[in-house]
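The values are calculated or read from the model by the stated rules, or taken from the named source; none is laboratory data. These numbers were taken from a predicted model, which means no experiment stands behind them. Cβ: placed from backbone, ideal geometry, glycine included. Neighbour counts: every protein chain shown.
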Amino acid sequence: MASAWTEEETLLCSVCLDILKEPATLPCGHSYCLVCIQSHWDKRDSNGQYSCPQCRQIFNPRPSLAKSTVLAEVMEKLRTNSFKGSSSTSAWSSSPAGAPNYLEVLGSVYPHATTVDPRCCPHHGLPLNMFCHEDGTYVCEVCCQNGHKGHRVVRPQEEREQRQKELFQRQAEVQRRIQGTEQKLKELPPLARQQKALVQAVGHETTELFSELAKNERAQLQWMSEELSRVAAIEDNICFLKNFFTMEPLAPVSAPEESMFNKEELVIASIRSATKELQTAVELQCKASFDRIMTLVNPDLWTVAPSDEGSCSSGVEKEMNTLPLPPPRPQVEEQMINRPPSPPPRPQEAEVGYDNKEPQTREELQKFYFEPTMDPNTAYRHVQLSDGGQKATLRAENLNPPNHLDRFQFWRQVLCREPLAGSPYYWEVEWKGQKISIGVCYKDMERKSSDVRSRLGHNVQSWSLYWSGTGFSFWHNGQEKLLGSPKAKRIGVYVDQHVGILAFYSITNKQADLIHSHHTQFTGPLYPGFRFWSIPGASVTICKMD
């Protein structure tokens, strides 16, 4: 029995080498402080195996431990009696007269058992002066050579020094994280203000975009209304009919698109509703006038069966060709002369091959150098020209320029005055901003629409080099070709309208590197053009020859 007590029921926790506190007994019979054994197993929780630090018996699953009542009673009596003496240390070996040591207390509870010094190895009786890393327990010199041979065993003082270094490192890391968190807290207010300003800028730009769309549509419908009123006011029957049949068909009015900006939706919807009513009234007036005039011209044309209703217009035109024309009125003649003719449809462009090549060096390009001048009559109302038309800058405020047929109404664009035809031309520009489009177009490119017809590089009448903020791309007729050239703040443009070459160059260190060349068949003079995005302060400057 004494041997069993020596191996299994010692009052010393082999983990902390102190008297058991809230003792707990494992299934193998060894006892430890409840906190010590749980902490020991928590450190080794990753491998899923739980073992006794002394006998190394493996338990799976992890045992559920509880306080050992008997051992706790023994330890409580031991502490009560031992601290009545001079010190707790003397209770281990000798106590003052009248104060029994823990061996006497143990003997009163377990009279059949004998004990050994708890700071000595229970197997060999030697001091526990070594620490085994693999088992997480203290061992003696003999245990190092037997049961713990091959394990990493160090002296407690060495282990403490190593762990203390780790402790200091953790403290330093915690302090560093605290400082980083405090710095982030200081940066939060400026960051919040910056985000708020960004949201306000986006909201302002979106509101401006909706406003531009509404104004553009209103202007187009107003022009259509004036055109319908002008035709309705023509007194001469023949001139009325000629104008009526040559009028462009009225585009359908689309319903407002769903949007998160309810205010802009209401504005656009109200404008469309008003213009729709005006459009309907003018159409009814024109139809009534048309019916009256056709009855006066030839009543027999209206005596047709319902099934022949679709041939009415063709019958009118055929009959009109046989009627004698009355003498023209000067006012009507003036109206018909001043009305701008519609441009003829441009033939479909096709890629063709040429023997001629674009110049490869800047010296060759500079032989064709010229400095175009920007046309103020084409500049968008937020684009300001300076330096004699050599520089264009995008402004946040509306410059309120006078109305002009050539002015871009929706897109932030400007064209140059000089038409490029015949021999080669070359010019260079420097730009500032986040995005830019540099290109050429025909003079009759649409100016008033909000769709691709007026957008540089997005229709059949224009070509452009576009910097998106991350890379260059070439645009024509709505088709994009991505390019691999790096960013360049100075761009050279070469045009040979006669041969059909359009080339863009990156100018760095007075050297010209080809970005992209496009070969095609141009059908008319070309005009240099530039397009801005929505960031005020962006600019384009036509460079002088070095």
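Here are some notes:
- In summary, strands (runs of 3 or more DSSP E) completely within segment 436-500 and bearing 2 or more residues that are crowded, with 21+ Cβ neighbours inside 10 Å occur at 436-441, 462-467, 472-476, 490-496.
- Single residue of Ser342, Ser423 found to be at pLDDT below 90, assigned by TED's automatic domain parsing to the domain that holds Ile491 and part of a loop (DSSP other than H, G, I, E, B): Ser423
Residue-by-condition table, conditions (1) closer than 19 Å to Ser14 by Cβ; (2) within 60 Å of the chain's Cα centre (by Cα); (3) modelled with pLDDT under 55:
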{"site": "Gln57", "(1), (2), (3)": "yes, yes, no"}
{"site": "Pro61", "(1), (2), (3)": "no, yes, no"}
{"site": "Ser64", "(1), (2), (3)": "no, yes, no"}
{"site": "Val74", "(1), (2), (3)": "yes, no, no"}
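- Condition met for Ser539 (of a type in the set (Gly, Ala, Ser) and either closer than 19 Å to Pro419 by Cβ or at pLDDT 90 or above (or both)): yes
- Of all the residues in segment 426-435, those that are in a strand (DSSP E or B) and among the polar types (S, T, N, Q) number 0.
- Cβ-Cβ under 6 Å pairs, at least 6 apart or on other chains, segment 200-220 side touching a residue at least 12 places away in the same chain (Cβ under 8 Å) and not assigned by TED's automatic domain parsing to the domain that holds Gln409, far side in a helix (DSSP H, G or I) and surrounded by 14 or more Cβ atoms within 10 Å (Cβ to Cβ): Phe210/Glu264; Ala214/Val267; Ala214/Ile268; Ala214/Ile271; Arg218/Ile271
- Qualifying residue in segment 222-236 (condition: touching a Pro at 6+ places or on another chain (Cβ under 9 Å) and within 30 Å of Leu405 (Cα to Cα)): yes
- For segment 376-387, residues that are within 16 Å of Lys448 (Cβ to Cβ) and over 34 Å from the mean Cα position of the chain (by Cα) total 1.
- Condition check for Glu182: assigned to a helix (DSSP H, G or I), among the charged types (D, E, K, R) and at pLDDT 80 or above: yes
- Test: residue in segment 7-18 that is surrounded by 15 or more Cβ atoms within 10 Å (Cβ to Cβ), in contact with a Cys (Cβ under 8 Å, 6 or more places away or on another chain), among the aliphatic types (A, V, I, L, M) and at pLDDT 80 or above: yes
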